[in-house]
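**Q** The structure is given below, and queries will be raised subsequently.
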Amino acid sequence: MAGKREEDPAGSSNNLRGDVLRVLGVLKVATVEQIQQISVPHLSYRHTDKPTPAKRKQARTAAHTGALSDLRKHGLAENGGQLPGGDRLRNLTPMGLKAAARELGRPVGEMGDPARGAGRTGASHPMTVNEAVLALLRPKPDLAKLVSEPADVRAAAQAAFDAPAGLGTIASYATEVALPATGTWANPGKGGAQADIVITAPEDGVPLLFVEIDNCFESAQVLAAKIDKYMRFSQRKVKDVDGRERPMWRTRWWVPDGRRGDQPHPPLLLVFNRIGPRNPNTVVARLAELTERHWKGTWYEGGFHMYDGKLPIVVTGMKQLQEHGPAGAVFRRFGRPHNQTRLEAIGNPRREAHDARQQAEYAARQREHQEELRRIAAQHKAEREARRPVCADCGTRFTDERWKAIEPAGWSAPRETHPHLCDDCKQHAHAAERQAAQAGPEYEEHDQAVPEQKAGGTWLSRFRG
């Protein structure tokens with residue numbers, strides 16, 4: 001025990017240090033409270049008996065604060081500055097990023113760079129990115145660890161537990177991901193984008209989603225230029241390991257193949273956090289006009305659009321996202337008049353509804369056809385039964401085998417001896433014929449003997465006379 005304390009003076013466990021590495025490996029920079037909220041959310045409902053909010057926060061985050069202290073001792077984590085409210089920022093060192101890569105099961109080359117110095121400018125954008133991750137992730141508290149808490153605290157935790165689930169796990173997220181329009185993944189060239197968040201959660205219907213965070217400081221023109229970069233990256237093709245040319249993003253992320261003629265690029269979600277001077281409603285309207293060539297689909301008479309080669313662009317507000325989560329109908333896709341759920345906004349529900357109607361109509365026609373076939377088959381069966389021969393002796397209807405046996409065959413086939421009898425009656429007839437055949441010679445000999453005697457008597461009498 002003494003040795004462990006010497007190695008980790010704060011006494012943190014492997015699990016707690018793993019929590020810190022996974023969260024900071026994704027977020028790059030975060031407060032201890034954000035690390036706790038993501039990795040151990042049930043602690044947010046503990047220590048309610050402490051007298052002040054500061055004391056409650058200190059108690060909730062004490063375990064992860066200790067883990068960070070131990071990680072600093074090993075050179076894996078460091079302090080990254082301070083927020084205006086006083087919260088201290090934490091980030092990983094290059095060696096810490098390598099350790100986080102092992103925890104997350106990712107190649108080191110996909111971890112990005114350390115977020116050193118982020119706190120010197122207030123880190124307003126990284127903090128908004130973290131809040132967006134929390135709003136999308138919506139970690140669920142472990143109710144089994146709150147059984148001893150007051151009733152009102154358990155009720156609040158239960159409400160959070162019963163709320164719609166979030167999107168993926170912390171391992172489903174990556175931040176500050178370079179999307180090179182030129183160069184390579186490891187050495188991006190000019191003209192590419194950098195996604196604030198990349199989400200890969202195919203188990204929740206989102207195999208790949210790029211997220212851009214805006215604090216309402218940028219104009220529609222600046223955002224349109226960013227979207228141009230996303231489009232250039234999405235259109236870029238490279239040779240894969242098999243020598244075939246594929247979209248570059250498919251060499252890193254898995255996404256199911258789309259339907260022929262309707263294969264859009266990975267969707268882009270814009271999250272507006274209204275802390276800057278610009279009105280997001282005005283910016284969004286202008287942005288939709290400036291980027292129409294990227295997202296506008298082709299109309300089909302079936303009542304839907306096709307988005308082959310287009311970039312689905314979806315917008316939402318941070319407050320709406322935090323209140324309703326990714327399951328709420330808080331997403332507006334460019335070109336559509338109403339808010340939709342996440343899956344509706346990034347998908348093509350009108351096309352799916354059209355396909356479902358066509359499939360239902362086809363299935364109905366198939367059922368009608370099968371029913372007609374069954375009716376015709378039943379009619380043919382009835383007509384055939386009406387023609388089925390009946391045994392002339394016992395009146396039993398012929399079996400299929402017996403019926404087939406009496407049907408005319410080729411010239412070389414043996415002739416059916418009793419075509420009007422069933423199998424049983426035919427066997428009885430054969431037995432009677434065999435019995436008659438066996439008894440026949442005796443009767444014939446007897447019948448012939450009597451006339452000969454009579455004839456002989458007549459002849460003898462004549463001879464004697």
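The values are calculated or read from the model by the stated rules, or taken from the named source; none is laboratory data. Keep in mind it's a predicted model, so treat the numbers as computed, not measured. As a convention, Cβ positions derive from the backbone with ideal geometry for all residues, glycine included, and neighbour counts pool all protein chains shown. These accessible areas exclude ligands, DNA and RNA; they are computed on the full protein's heavy atoms, side chains included. Shrake-Rupley method; radii C 1.70, N 1.55, O 1.52, S 1.80 Å.
**Q** Can you tell me which condition P188 does not meet? The list is (1) open to solvent by 30 Å² or more (accessible area, probe 1.4 Å); (2) over 16 Å from K237 (Cα atoms), and all the others hold.
**A** Condition not satisfied by P188: (2).
**Q** Do we have L27 as under 29 Å from A101 (Cα atoms), of a type in the set (A, V, I, L, M) and buried (at least 20 other Cβ atoms within 10 Å of the Cβ) here?
**A** Criteria met by L27.
**Q** I'd like to check something: does region 139-149 contain any residue that is among the β-branched types (V, I, T) and either in contact with a Gly (Cβ under 9 Å, 6 or more places away or on another chain) or crowded, with 19+ Cβ neighbours inside 10 Å (or both)?
**A** No, region 139-149 contains no residue that is among the β-branched types (V, I, T) and either in contact with a Gly (Cβ under 9 Å, 6 or more places away or on another chain) or crowded, with 19+ Cβ neighbours inside 10 Å (or both).
**Q** Could you list, ordered by first residue, the pairs with Cβ atoms under 9 Å in which the first is in region 317-343 and within 21 Å of G276 (Cβ to Cβ) and of a type in the set (V, I, T) and the second is open to solvent by less than 60 Å² (accessible area, probe 1.4 Å) and in a loop (DSSP other than H, G, I, E, B), at least 6 apart or interchain?
**A** Going by the 9 Å Cβ cut-off, the qualifying pairs are V330/T341.
**Q** If you don't mind, there's one more thing I want to ask. For region 81-96, how many residues meet the condition of being open to solvent by 60 Å² or more (accessible area, probe 1.4 Å) and farther than 16 Å from T65 by Cα?
**A** So the answer is 4.
**Q** Could I ask something else about it? Of all residues in region 29-40, count the ones that are outside any helix (DSSP H, G or I) and within 29 Å of the chain's Cα centre (by Cα).
**A** 1
**Q** Restricting the search to region 213-222, which residues are surrounded by fewer than 22 Cβ atoms within 10 Å (Cβ to Cβ), of a type outside the set (S, T, N, Q) and touching a residue at least 24 places away in the same chain (Cβ under 8 Å)?
**A** Hits for region 213-222 are C216, F217, E218, A220.
**Q** Based on this model, can you work out whether A378 counts as at pLDDT 95 or above and farther than 30 Å from T128 by Cβ?
**A** Answer is yes for this residue.
**Q** In this structure, is R293 within 27 Å of Q221 (Cα to Cα), of a type in the set (K, R) and not in a loop (DSSP other than H, G, I, E, B)?
**A** The answer is yes for R293.
**Q** Return a yes/no flag: does region 176-192 have any residue that is assigned to a loop (DSSP other than H, G, I, E, B), of a type outside the set (A, V, I, L, M, F, W, C) and within 26 Å of the chain's Cα centre (by Cα).
**A** no
One line per residue, one yes/no per condition, for (1) part of a strand (DSSP E or B); (2) open to solvent by 30 Å² or more (accessible area, probe 1.4 Å); (3) in contact with a strand residue (DSSP E or B) (Cβ under 9 Å, 6 or more places away or on another chain); (4) among the charged types (D, E, K, R):
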{"site": "M127", "(1), (2), (3), (4)": "no, no, yes, no"}
{"site": "N130", "(1), (2), (3), (4)": "no, no, yes, no"}
{"site": "A156", "(1), (2), (3), (4)": "no, yes, no, no"}
{"site": "A174", "(1), (2), (3), (4)": "yes, no, yes, no"}
{"site": "A195", "(1), (2), (3), (4)": "yes, no, yes, no"}
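**Q** Also, I was wondering about something else. Could you figure out which of (1) closer than 28 Å to Q322 by Cα; (2) open to solvent by 30 Å² or more (accessible area, probe 1.4 Å) isn't true of Y300?
**A** Among (1) closer than 28 Å to Q322 by Cα; (2) open to solvent by 30 Å² or more (accessible area, probe 1.4 Å), the lone unmet condition for Y300 is (1).
**Q** Report, ordered by the first and then the second residue, all pairs with beta carbons closer than 6 Å, sequence separation of six or more or different chains, a first member in region 267-287 that is assigned to a loop (DSSP other than H, G, I, E, B), and a second member that is open to solvent by 30 Å² or more (accessible area, probe 1.4 Å) and of a type outside the set (D, E, K, R).
**A** Listed by first residue and then by second, the contacts come to P267/I346; G276/F217.
**Q** Small (G, A, S) and either closer than 23 Å to N130 by Cα or open to solvent by less than 70 Å² (accessible area, probe 1.4 Å) (or both): is that true of A181 in this structure?
**A** yes
**Q** Where residues in region 51-77 are touching an Asp or Glu at 6+ places or on another chain (Cβ under 8 Å) and basic (K, R), which of them is farthest from G96 (Cα to Cα)?
**A** K57
**Q** G261 - would you say it is at positive phi and open to solvent by less than 80 Å² (accessible area, probe 1.4 Å)?
**A** When the stated conditions are applied, G261 passes them.
**Q** While we're looking at this one, here's another question. Can you name the residue in region 301-325 that is in contact with a Ser or Thr (Cβ under 8 Å, 6 or more places away or on another chain) and either acidic (D, E) or modelled with pLDDT of 95 or more (or both) and, of all such residues, is nearest to R350 (Cα to Cα)?
**A** By that ranking, first place goes to D308.
**Q** Shifting gears a bit: In region 68-83, what count of residues is obtained for those that are on the phi > 0 side of the Ramachandran plot and part of a loop (DSSP other than H, G, I, E, B)?
**A** Adding up the residues that qualify gives 1.
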